[in-house]
Amino acid sequence: MAQAGETPAFQMPQLSKVAPLILMITLNKFDFDKMGYRQYCEFAFIGVQIGCWIVLMMISKKINEKPDNASGTKIKIPAEMVMGNEAKPAREMTEKEYDLEKFSEARTQQLMGGVILCAVYYNWQSLMPLIFQTVMAPLNLTENPLFLIYMLKKEQARPFPKANPFGLPETPAAPAAEEPQPPLPEPEEPKTIESSDAAALAAELERKTAELASVKAELASVKQSSAGDDALSDTSDTVMVEGEGGASGLRKTAAGQKKGAGGE
């Protein structure tokens, strides 16, 4: 397995992707019909189809004999996209459920390939598709991961990679990475207060209490002085008013005396 930063090793194309080209060159060079091999090709096709179905039944039997969830873990299957649309949603399955689903796909592929080939050969009597199917059916089956697991006893990672048109297996979609959880803070150990520290705290508390009491006393004295200033200002105002009234009365008396002397 290549580590991060390393170039992955080159993988040879699968034989099932190279075989069509070889068959095409061979069939263009040799005419099996003129050589008298038509009947042999028909028997070969029938024998290969029977052999493939026997192998498929053996794989099915081995899958059904497998205990449910033998590994104890479930496989996370990514969503399948077809032309930008979600064909199948993401889901979780046990190994047995996943293998049964893949076996159903392989069985359908084998059945459809045989039926379509029979229809084509019946209508056109062409040996080329018959020979193609005779060679490609066992190649595709032997490259199936289920054949490698249950018949050849080889370990295969699930979910299985999907083969691309060039025969190179695609890397299966990696499961979504879980966001790392922040580490929980470690509980702080209870601090023990020594006797010297307790005495210093008590002295500091007393000093703060004394400062608070002095501040309260200063506030009280400020309030008293402000109240005395207010009373003094009220008294001075009263005296001024009374003085002004007395002065005005003396003026009036003096003016009256002057008028009386002039009359005399």
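From the set of residues in the range 71-85 that are in contact with a strand residue (DSSP E or B) (Cβ under 7 Å, 6 or more places away or on another chain) and not aliphatic (A, V, I, L, M), which is nearest to ILE59 (Cα to Cα)?
Ranking the qualifying residues of the range 71-85, first place goes to LYS74.
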For the range 6-19, does any single residue satisfy the condition of being of a type outside the set (Lys, Arg), loosely packed, with under 10 Cβ neighbours inside 10 Å and at pLDDT 90 or above? no
Scan the range 20-56 for residues that are under 49 Å from the mean Cα position of the chain (by Cα) and exposed (fewer than 11 other Cβ atoms within 10 Å of the Cβ) and jot them down. LEU21, ILE50, ILE54
Using beta carbons and a limit of 6 Å, which pairs, at least six apart or on different chains, have the first residue in the range 35-59 and more than 22 Å from TYR150 (Cβ to Cβ) and the second one of a type outside the set (A, V, I, L, M, F, W, C) and surrounded by 14 or more Cβ atoms within 10 Å (Cβ to Cβ)? ALA44/THR134; PHE45/THR134
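The values are calculated or read from the model by the stated rules, or taken from the named source; none is laboratory data. Fair warning: this is a prediction, and the values are worked out from it, not measured in the lab. In this analysis, Cβ positions are derived from the backbone assuming ideal geometry, glycine residues included, and neighbour counts consider all displayed protein chains.
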